[in-house]
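**Q** Pasting a structure below so you can have a look.
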């Protein structure tokens, strides 16, 4: 029965998360959670029936403490798994395939699922660490495209001035793509001043990038999804 108890806890926490993320079926997630909770309760109902009121309280306290420790471990496992999933999800955005809009929606679903199982802010930050770096890479590309006035991200502006080309290249060179480390908004502004680039579009993207770094919120998301 002990095995059933711990399996019930594991099922209650993990199954709804996986079902909700991979199948996008919230109703089935709740049913899975209830089934797991019921199995956990039934695993211990015999012990409760044999105890008097005093020992029941002590036994329940002990079981709650043990369950709390296990739940924390499972939250950590879920956080680590989500970190890997979000990193792969972002890496895939640099190779085409699934749209950025869909990737952002999946990110939101994963973070919401972690919140529902009680993940801490520190755990959420860990899960999103590389994802946020990837978002910064996308912002940098949007800024470079605006500086060079590219008609589309994949098309070079053949009429771009030498200053625009140099500024775009320097912005790109400031990024370490292997580690997804990007220049700060102020570094990018310095490059634009250096080459005397005045672009309302680039300034807007830099402002949005800065806002994201400060708030973890993508401003004008529909426009961002088209980058």
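**Q** Here is a list: 136, 190. Which entry is touching a strand residue (DSSP E or B) at 6+ places or on another chain (Cβ under 9 Å) and part of a helix (DSSP H, G or I)?
**A** 136
**Q** If you don't mind, another one. Suppose we filter 122, 127 for residues that are in a helix (DSSP H, G or I), at pLDDT below 95, on the phi < 0 side of the Ramachandran plot and exposed (fewer than 12 other Cβ atoms within 10 Å of the Cβ); which single one remains?
**A** 122
**Q** Something else now. So residue 178 clears everything in (1) part of a loop (DSSP other than H, G, I, E, B); (2) surrounded by 13 or more Cβ atoms within 10 Å (Cβ to Cβ) except one condition, right? Which one?
**A** Residue 178 satisfies all of (1) part of a loop (DSSP other than H, G, I, E, B); (2) surrounded by 13 or more Cβ atoms within 10 Å (Cβ to Cβ) except (2).
**Q** Suppose we filter region 197-227 for residues that are over 15 Å from residue 140 (Cα atoms) and not in a loop (DSSP other than H, G, I, E, B); how many remain?
**A** Adding up the residues that qualify gives 5.
The values are calculated or read from the model by the stated rules, or taken from the named source; none is laboratory data. Everything numeric in this text was worked out from a predicted model, so none of it was measured. Every residue, glycine among them, receives a Cβ derived from its backbone with ideal geometry; neighbour counts consider all protein chains shown.
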